[in-house]
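To start, the structure under review is shown below, and the notes come after it.
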Amino acid sequence: MAQSRLKICILSAAYNEGENLFVFYHAVKNVIDKLPYDFEICFVNDGSKDHTLAVIKSLAKQDNTVKYLSFSRNFGQQVALKAGIDAIDADAIIMMDSDLQHPPALIPELIDLWQSNRVNMVNTLREEDPSLSWFKKATSKYFYVMLNKISELKLEPGQADFRLIDRQVAKTLKNSKEQDVFLRGMIQWIGFKQATMRYTPHKRIAGESKYTFKKMLRLALAGITSFSIKPLYTAMYIGFFFACASFLYLPYVLYSIITGKAVDGWASIIMTIAFFGGLNLMVMGVLGIYIGKILIQNKQRPLYIIQEENIHENSLVEF
């Protein structure tokens, strides 16, 4: 009895990538058509405001191996990738950006590493692009530094969502019910056998990067608060330190009361009050983030809403 061929799916989240998708599709097809596997390409339209969905539908009409999910609104790249993993049934899933910064030519190498090393996933590490601005390099570097220092994760600089995962890893991720999705952290947390390869990113075909500094900061906070309670301990240590330090000021206050001398330093007192007020607000903010995450998790709202798709029989699906 002949052994069936492995089924591999290329998964790509797309947000306002209408100008890139045709080029990405043909670049991927030129690679996968030469490989001895059954391939599918799955796009997740993350509530795009341009013609991304129209392009995806056009590709799906001419190629029945093209699958898609389309959100009712923008839910974010991490959620889009999670939705794709939830919907796909394949022996392996390769996650890629649709702007061609993740080179399709590396698909065979990812598969070879997966099979030859008998691992459950193959991660990638991005080599630093010398053409990037110093600000982009600095924010990317300190994103990982801050994440590793404060959280329980150990992510290497340059690690992104360009990776291969097998069926077992995909099944584990499907069972995850977290509302605040941070795939890089989840991949590290679940363990399994992993291999790593380095690559040099290509330049974007068109458009701009969707990862602004604000989104990088939100992603870092999601990673920290989803996988560690260190910020809560840090807030407690800071409060304990300043509570003890305040006793150093007590002898001077008692001396002033006994001698009847007024306490000097109105400006410094106001400055101290402002400082501790800001510190209290910061600590309350840390507590608020964790409480907010508990509230959102307990509401059990759908992680995403699919408005259109060609994978399931129903046209409206919530997860």
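The values are calculated or read from the model by the stated rules, or taken from the named source; none is laboratory data. Not measured: the values here are computed from a predicted model. Glycine gets a Cβ as well: all are built from the backbone with ideal geometry, and neighbour counts include every protein chain shown.
Residue check: is G285 among the small types (G, A, S) and at pLDDT 70 or above?
Details: among the small types (G, A, S): yes; at pLDDT 70 or above: yes.
Here the answer is yes, as G285 does meet what is asked.
If you take the residues of segment 159-192 that are free of Cβ contacts under 8 Å to residues at least 60 places away in the same chain and β-branched (V, I, T), which of them is nearest to M95 (Cα to Cα)?
V169
Give the residues of segment 6-49 that are of a type in the set (S, T, Y) and touching a Leu at 6+ places or on another chain (Cβ under 7 Å), sorted by residue number.
In the first step, residues of segment 6-49 are kept if they are of a type in the set (S, T, Y); the result is 12, 15, 25, 37, 48.
Listed by number, the residues that qualify are Y25, Y37.
Out of everything in segment 90-101 that is assigned to a loop (DSSP other than H, G, I, E, B) and modelled with pLDDT of 90 or more, what residue ends up being surrounded by the fewest Cβ atoms within 10 Å (Cβ to Cβ)?
Just the residues of segment 90-101 that are assigned to a loop (DSSP other than H, G, I, E, B), to begin with: 90-91, 96-101.
In the following step, the residues that additionally are modelled with pLDDT of 90 or more were identified as 90-91, 96.
Numbers: A90: 22, D91: 16, M96: 25.
Ranking the qualifying residues of segment 90-101, first place goes to D91.
How many residues does segment 64-86 hold that are touching a residue at least 12 places away in the same chain (Cβ under 8 Å) and assigned to a loop (DSSP other than H, G, I, E, B)?
Narrowing segment 64-86 to residues touching a residue at least 12 places away in the same chain (Cβ under 8 Å): 65-86.
Applying the additional criterion that residues be assigned to a loop (DSSP other than H, G, I, E, B) yields 65, 72-76.
Number satisfying all stated conditions: 6.
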